[in-house]
Amino acid sequence: MKLVTYDREGHGRLGAVLGEWVIDLPEAVGHPVFPATMEALIGTHGGTVLDAARDALSREDLPEFIVKDAPIASPLSPTSLRVVGTDGRYQTRNHRSVLGQEEVLAWPPYARQLDFEVSVACVVGRGGTDLTPEEAEAGIFGFVLMNDWVLRDEERRERAARAPPGRSRDFATSLGPVVVTPDEVAGCPRITVAVDGELRTEREASPDGFLPFFGRIVAQLSLGQEVWPGDVVAAPGLSGGCRDDTSRCLKPRSNVEADGGPLGMLRNRVGPLPARRARS
């Protein structure tokens, strides 16, 4: 399934994408205790709840549950947000500063060299401690595109001070537009990123398939600490941004489009350059 969160009267509501349609999934299922949000559905990972959702999407009267002009939001509010290397070391991001589809990125006033790093992340559906790769793989709820926005000039200042990533990366992260369950992803889809229509990067998201790759890194993450349902764990970002070539950094009002094939197209526009504030 391809699952979304859409805005319904100011509240996030669980939907499913079927072709060009967004279906109100709780209404299509029609059971009073079926989860109404992505977070609640993740908390019921596996079992009859997902089976009921799949059955509902094959109903003959499914067009009755189409949401017209559904405004798509960030698919979930993560319980935590980490970028994990293949060696198990990780960096955290601000999991309360998440942008969704078509949201405008407000340019932070303390830096000027804005860049992107697009990657694939998994959403943990069943947590635990000291998981084996097989247990971690079985507990993955789905996959989502992620844009890990970064300020390169602030990043250089942090590195010069031998400090871990801070304000260079925790100001915003984009997720979406969909969370795709593992049965919907075959092989290794290619990710492309375009800025204002210009192709910047194109690469396979992982070399050996999503499930084995994320099973390993979630298992490494769980060593000696618990992972929780709703945790978002991302692979390192793909290259293609400016890094040290400042002429390729993003400009005010740039449009960034990341195409993940079955993971959808994640679009965001950069806001205007603000007045510079004094650094603290």
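The values are calculated or read from the model by the stated rules, or taken from the named source; none is laboratory data. This one's a predicted model, so the numbers in the text were calculated from it and none came from an experiment. For neighbour counting, all protein chains shown are included, and Cβ atoms are generated from backbone atoms with ideal geometry for every residue, glycine included.
Which one of 124, 120 is more than 22 Å from residue 163 (Cα to Cα), among the aliphatic types (A, V, I, L, M) and modelled with pLDDT under 95?
That would be 120, the only listed residue that is more than 22 Å from residue 163 (Cα to Cα), among the aliphatic types (A, V, I, L, M) and modelled with pLDDT under 95.
In the stretch 208-222, how many residues are out of contact with any Phe, Trp or Tyr (no Cβ under 7 Å at 6 or more places or on another chain), closer than 16 Å to residue 83 by Cα and not β-branched (Val, Ile, Thr)?
Adding up the residues that qualify gives 7.
Residue 211 fails exactly one of the following numbered conditions: (1) without any contact (Cβ under 8 Å) to a residue 24 or more places away in the chain; (2) farther than 25 Å from residue 94 by Cβ; (3) among the hydrophobic types (A, V, I, L, M, F, W, C); (4) part of a helix (DSSP H, G or I). What is the number of that condition?
(1)
Which pairs turn up if I take residues in the stretch 110-137 that are farther than 15 Å from residue 84 by Cβ and of a type in the set (Phe, Trp, Tyr) and look for partners that are assigned to a helix (DSSP H, G or I) and modelled with pLDDT of 95 or more with beta carbon separation below 9 Å, at least 6 apart in sequence or on another chain?
110/154
For the stretch 115-158: of the residues being within 26 Å of residue 271 (Cβ to Cβ) and assigned to a helix (DSSP H, G or I), which is farthest from the chain's Cα centre (by Cα)?
Only one residue fits best here, namely 157.
For residue 88, are the conditions met, namely being at pLDDT below 95, surrounded by fewer than 17 Cβ atoms within 10 Å (Cβ to Cβ) and closer than 15 Å to residue 3 by Cα? Reasoning before the result, please.
Details: at pLDDT below 95: yes; surrounded by fewer than 17 Cβ atoms within 10 Å (Cβ to Cβ): yes; closer than 15 Å to residue 3 by Cα: no.
Considered against the rule, which asks whether it is at pLDDT below 95, surrounded by fewer than 17 Cβ atoms within 10 Å (Cβ to Cβ) and closer than 15 Å to residue 3 by Cα, residue 88 comes out as no.
Looking at residue 167, is it of a type in the set (D, E, K, R), surrounded by fewer than 22 Cβ atoms within 10 Å (Cβ to Cβ), in the same structural domain as residue 104 (by TED's automatic domain parsing) and touching a helix residue (DSSP H, G or I) at 6+ places or on another chain (Cβ under 6 Å)?
So residue 167 fits the description; yes.
Looking at (1) assigned to a loop (DSSP other than H, G, I, E, B); (2) crowded, with 16+ Cβ neighbours inside 10 Å; (3) not assigned by TED's automatic domain parsing to the domain that holds residue 149, which one does residue 110 not meet, given that it meets all the others?
It fails just one condition, (3).
Take the conditions closer than 27 Å to residue 224 by Cα and either buried (at least 16 other Cβ atoms within 10 Å of the Cβ) or of a type in the set (A, V, I, L, M, F, W, C) (or both) and apply them to residue 100. Does it pass?
On the way: closer than 27 Å to residue 224 by Cα: no; either buried (at least 16 other Cβ atoms within 10 Å of the Cβ) or of a type in the set (A, V, I, L, M, F, W, C) (or both): yes.
The answer is no for residue 100.
In this structure, is residue 223 assigned to a loop (DSSP other than H, G, I, E, B), aliphatic (A, V, I, L, M) and out of contact with any Cys (no Cβ under 7 Å at 6 or more places or on another chain)?
On the way: assigned to a loop (DSSP other than H, G, I, E, B): yes; aliphatic (A, V, I, L, M): yes; out of contact with any Cys (no Cβ under 7 Å at 6 or more places or on another chain): yes.
So residue 223 fits the description; yes.
Which of the residues that make up the stretch 179-212 are out of contact with any strand residue (DSSP E or B) (no Cβ under 9 Å at 6 or more places or on another chain) and closer than 23 Å to residue 42 by Cβ?
Passing the criteria: 183, 186, 209, 212.
I'd like to verify a number: residues in the stretch 159-178 that are outside any loop (DSSP other than H, G, I, E, B) and touching a strand residue (DSSP E or B) at 6+ places or on another chain (Cβ under 6 Å), how many?
3
For residues that are within 30 Å of residue 171 (Cα to Cα) and charged (D, E, K, R), scanning just the stretch 44-85, find the one that is surrounded by the most Cβ atoms within 10 Å (Cβ to Cβ).
Result: 82.
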